[in-house]
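Enquirer: Quick one: this structure, given as structure tokens, is what I'll be asking you about.
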Amino acid sequence: MFGENNPEALIVGAGPVGQFAALALARRGVRVRVVDRGLWPCAQSYALALHPKSMKLLAGLGLRDAVLSSATMVDSIGLYDAKTRRASLPVADGAGDGVAVMRQDVLEGVLEQALEAEGVEIEWRNEVSRIAPGPSSVGVTIDKFTKESRGYVIAHTEWVISKSTEIETPFVIGADGYNSRVRRASKLDFQEVGPAQYFAVFEFKTDADVNREMRIVFGENTTDVVWPLPNGACRWSFEIPGYHDENLEGLQKGLLAAGFDFPSERSKERLFVSQGADSPLLEESSFRAMIAQRAPWFTGQVGEIVWKSIVRFERRLTSAFGDGRLWLAGDAAHLTGPVGIQSMNLGLAEADELAAAIAGVIRKGEPAASLEAYNQKWLGVWRQLHNLAGGVQASAGADPWLAAHASTLTSCLPAYGEDLGALAGKLGLTLARAAGA
Ligand SMILES: Cc1cc2nc3c(=O)[nH]c(=O)nc-3n(C[C@H](O)[C@H](O)[C@H](O)COP(=O)(O)OP(=O)(O)OC[C@H]3O[C@@H](n4cnc5c(N)ncnc54)[C@H](O)[C@@H]3O)c2cc1C
């Protein structure tokens, strides 16, 4: 049934998580196909940092040097309020890996190149439009889109389906982001587990000596983050409590109810980005005012603002990471705030474990039911990160300021599981366990 044209695993979505899953499977000798309905890879620095754990996973695929050659290292986390730095903790793990700051599009480029070297070409402009799971395989329809000139009096170009292919494959990995069709085909819920947050994000040139430090800045009802970027730049993300963008939220509701439209440039459907040129919040004066109010200790010069945006981040968790022949990883399964860069980084770890488990079934004859352990583990990890079961908590004698911010820190530190527990421990806090985490 699974001839040469049918992959042993189909990966839907070629974001960082889908590409990582494809590479991890290909390296284990599994025949993969990766399709993405987008027109091309993303061209932005969205999730901009790799956890120490992700560095290890990338090293395992032989990509450590490729990543380090375009990354800036962060080796400590500073915790601030409006007055001063209240705490600092080293972020490097026992093996000396820090957090690597790297643009998401650069990471995707590294992964795509490594896939090409394995003989796997990402099939852009290919949308999975039908998923029919069976007991031992999945029927999938893939629509290929091409641009066609139409009209006579007024010529215009349109994206049209040029070819639809039916395939049958033993496994499908849904790395297809916010509006995951794979998740919807599995009839899984994607419950909101906390309120959505808006952030005003600025990337700017500065002469500040940011000292290889990631800075988390707590206000009365805000959590902001400052990242050093390569070439004398920083990214500052300011939480904007109470902000609403009715147009974006209406669009999102419509998309969730009706599916999604295609094609557009590759978009991150989870996050409705308003470039916000018309928002006063994104004016330089507003940027300077937020720094003056929330972080007057930042005395570096604010030079050219090279990118700015208002981004909405939701908090959601799937009811299961999959079942049978359909499995999820990355934003398809979970969404959270931006500070700890957890969505993408945990997505890479999920992709790695899922690839190992699927390869175990295909190559070693392990039972397909063994994948249930993947579901249990990652539900537990994410329930902890969303403070639904466990999370960072104050231990006896903890510093009162840190104790007051403990539960917020759960989603803001660049780690999960044991590594998160170790970081919390350095602050005199503890990580309460959730089953399976
Ligand atoms: C402006 C912005 C700023 C961000 N900042 C941060 C940050 O500071 N910290 C942080 O942690 N995260 C941030 N993110 C989020 C981060 O980009 C995501 O967590 C990450 O991209 C998730 O990767 P993924 O591979 O799971 O999904 P995605 O990157 O969303 O990839 C999913 C892919 O699936 C494809 N797809 C969807 N449906 C289909 C289908 N039916 N058939 C074929 N292909 C399909 C899509 O085209 C897409 O390419 C930011 C995002 C944006 C937009």
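The values are calculated or read from the model by the stated rules, or taken from the named source; none is laboratory data. Remember, it's a predicted structure, so these values are computed and weren't measured experimentally. Because the Cβ atoms are built from the backbone with ideal geometry, glycine has one as well, and the counts that use them run over all protein chains shown.
Enquirer: Anything in the range 338-361 that is of a type in the set (A, V, I, L, M) and more than 8 Å from the ligand (Cβ to nearest atom)? List them, or say none.
Expert: Of the residues in the range 338-361, the ones of a type in the set (A, V, I, L, M) are 339, 341, 344, 346, 348-349, 351, 354-359, 361.
Matches in the range 338-361: 346, 348, 349, 351, 354, 355, 356, 357, 358, 359, 361.
Enquirer: Let me ask something else. Could you say which residue among 226, 160, 182 is among the aliphatic types (A, V, I, L, M) and over 19 Å from the mean Cα position of the chain (by Cα)?
Expert: 160 is the lone residue from the list that is among the aliphatic types (A, V, I, L, M) and over 19 Å from the mean Cα position of the chain (by Cα).
Enquirer: Please indicate, with yes or no, whether at least one residue in the range 125-141 is on the phi > 0 side of the Ramachandran plot and either over 19 Å from the mean Cα position of the chain (by Cα) or at pLDDT 95 or above (or both).
Expert: Within the range 125-141, one or more residues are on the phi > 0 side of the Ramachandran plot and either over 19 Å from the mean Cα position of the chain (by Cα) or at pLDDT 95 or above (or both).
Enquirer: Considering only the range 293-315, I want to know if a residue exists there that is assigned to a helix (DSSP H, G or I), surrounded by 18 or more Cβ atoms within 10 Å (Cβ to Cβ) and in contact (Cβ under 8 Å) with a residue 40 or more places away in the chain.
Expert: Scanning the range 293-315, I find at least one residue that is assigned to a helix (DSSP H, G or I), surrounded by 18 or more Cβ atoms within 10 Å (Cβ to Cβ) and in contact (Cβ under 8 Å) with a residue 40 or more places away in the chain, so the answer is yes.
Enquirer: May I pose another question? Does residue 54 meet the test of being more than 19 Å from the chain's Cα centre (by Cα), in contact (Cβ under 8 Å) with a residue 12 or more places away in the chain and not in a loop (DSSP other than H, G, I, E, B)? Show your work before the answer.
Expert: Details: more than 19 Å from the chain's Cα centre (by Cα): no; in contact (Cβ under 8 Å) with a residue 12 or more places away in the chain: yes; not in a loop (DSSP other than H, G, I, E, B): yes.
Here the answer is no, as residue 54 does not meet what is asked.
Enquirer: If I ask for residues that are near the ligand (Cβ under 6 Å from one of its atoms) and either surrounded by fewer than 24 Cβ atoms within 10 Å (Cβ to Cβ) or free of Cβ contacts under 8 Å to residues at least 40 places away in the same chain (or both), which ones from the range 322-337 would you list?
Expert: The answer is none; no residue qualifies.
Enquirer: Looking at 43, 24, which one is in contact with a helix residue (DSSP H, G or I) (Cβ under 6 Å, 6 or more places away or on another chain) and modelled with pLDDT under 95? Explain how you work it out, then say what you get.
Expert: Working: 24 fails: modelled with pLDDT under 95.
Going through 43, 24 in turn, the sole match is 43.
Enquirer: Look at residue 373 and say whether it is farther than 17 Å from residue 415 by Cα, crowded, with 24+ Cβ neighbours inside 10 Å and modelled with pLDDT of 95 or more.
Expert: Criteria not met by residue 373.
Enquirer: Given the options 27, 37, name the one that is closer than 20 Å to residue 175 by Cα and in contact with a Pro (Cβ under 7 Å, 6 or more places away or on another chain).
Expert: Matching residue, one of 27, 37: 37.
Enquirer: Does residue 104 satisfy the condition of being within 14 Å of the ligand (Cβ to nearest atom) and in contact with a helix residue (DSSP H, G or I) (Cβ under 9 Å, 6 or more places away or on another chain)?
Expert: yes
Enquirer: Can you name every residue in the range 179-199 that is farther than 18 Å from residue 132 by Cα and buried (at least 23 other Cβ atoms within 10 Å of the Cβ)?
Expert: 199, the sole residue that qualifies.
Enquirer: Among the numbered conditions (1) within 12 Å of the ligand (Cβ to nearest atom); (2) closer than 21 Å to residue 218 by Cα; (3) in a helix (DSSP H, G or I), tell me where residue 281 comes up short.
Expert: Residue 281 satisfies every listed condition except (1).
Enquirer: Select, from 210, 225, 217, the only residue that is under 24 Å from residue 330 (Cα atoms) and either outside any strand (DSSP E or B) or touching a residue at least 24 places away in the same chain (Cβ under 8 Å) (or both). Reasoning before the result, please.
Expert: Numbers: 210 fails: under 24 Å from residue 330 (Cα atoms); 217 fails: under 24 Å from residue 330 (Cα atoms).
225 is the lone residue from the list that is under 24 Å from residue 330 (Cα atoms) and either outside any strand (DSSP E or B) or touching a residue at least 24 places away in the same chain (Cβ under 8 Å) (or both).
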